[in-house]
Each structure stands twice: as structure tokens, then as C-alpha cells.
1. With a point put 7 Å past each Cα toward its Cβ, work out how far residue 25 is from residue 88 in nm, to one decimal.
2. If you fit an axis through the alpha-carbon atoms of helix 17-28 and take the longest principal axis of the Cα set of the chain, what angle between them do you get, 0 to 90°, nearest 10?
3. Going by alpha carbons, how many degrees (0 to 90, nearest 10) lie between the helix axis of 69-81 and the longest principal axis of the chain?
4. Could you grab the relative contact order for segment 11-81? Cα pairs under 8 Å, six or more apart, rounded to a whole percent.
5. Please give the length that would be gained between residue 17 and residue 47 if that part of the chain were fully extended, namely 0.36 nm times their separation in residues minus their C-alpha to C-alpha distance (nm, one decimal).
6. Which label belongs to the value computed from this structure, given these candidates for Cα extents along the principal axes in Å: (1) 50, 21, 17; (2) 34, 26, 21; (3) 42, 34, 31?
7. How far apart, in nm, are the 7 Å Cα→Cβ label points at residue 76 and residue 5?
8. Counting only helical runs of four or more DSSP H residues, what would the 222 nm mean residue ellipticity of the chain come to if each run contributes -39,500 (n - 2.57) and the total is spread over all its residues?
């Protein structure tokens with residue numbers, strides 16, 4: 001999937017600065033990113049960590065309605081910390 005743009009499971013990505021931060025993060029992980037089809041999106045892992053949860057926790061993305069609890073918890077954490085999209 002090298003260089004392919006995919007929708008990550010359970011989240012909505014953000015344009016602009018959050019998207020660039022996510023891109024830098026993924027590039028820093030090199031070939032250690034693994035993705036698995038999940039419905040119409042992908043669940044991807046970098047060094048064993050769910051990229052979507054990481055993105056939400058840092059405020060680079062928002063959860064989709066009905067996201068699993070770990071995603072919602074990461075979003076709550078980002079909101080409380082006022083990071084990324086929640087910094088305003």
C-alpha cells in the first residue's frame with residue numbers, strides 16, 4: 001500500500017496542519033505501517049500501535065459516530081488537553 005491514501009477506521013481526518021502532522025508521523029514510521037481492511041476503511045498500525053487512536057489522541061482527527069470505546073476515550077483525552085483540532 002506504499003503511498004496509497006486510505007480512510008482510517010472509526011475516524012474522520014482533518015485537512016491542513018493536522019493532516020501534515022499525520023503525514024510526517026507516518027513517514028517517520030517507514031515500512032513499519034501495516035493495514036487491514038475493516039468495512040470500507042482500514043485499520044492501520046505503526047509499530048503495533050493503532051494509527052487512528054494515535055491521531056485522535058493528538059487531535060489530528062475526530063472519531064466517527066459509533067467508534068469503539070478506545071477511540072472515544074482518545075478523543076476525550078485530546079479535548080481535555082486542548083490539542084490539535086481541540087486547541088481553539
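No value in this document is a laboratory result; all are computed from the given coordinates. Computed from a prediction, not measured in an experiment: that's the story for all the values here. So basically every Cβ, Gly included, is an ideal-geometry build from the backbone, and we count neighbours across all protein chains shown.
1. 2.0 nm
2. Helix 17-28 sits roughly 40 degrees off the main axis of the chain.
3. Tilt of helix 69-81: around 50 degrees.
4. That works out to 32 percent.
5. 8.5 nm
6. Correct label, based on the coordinates given: (2).
7. Modelled inter-label distance: 3.3 nm.
8. -11000 deg cm²/dmol
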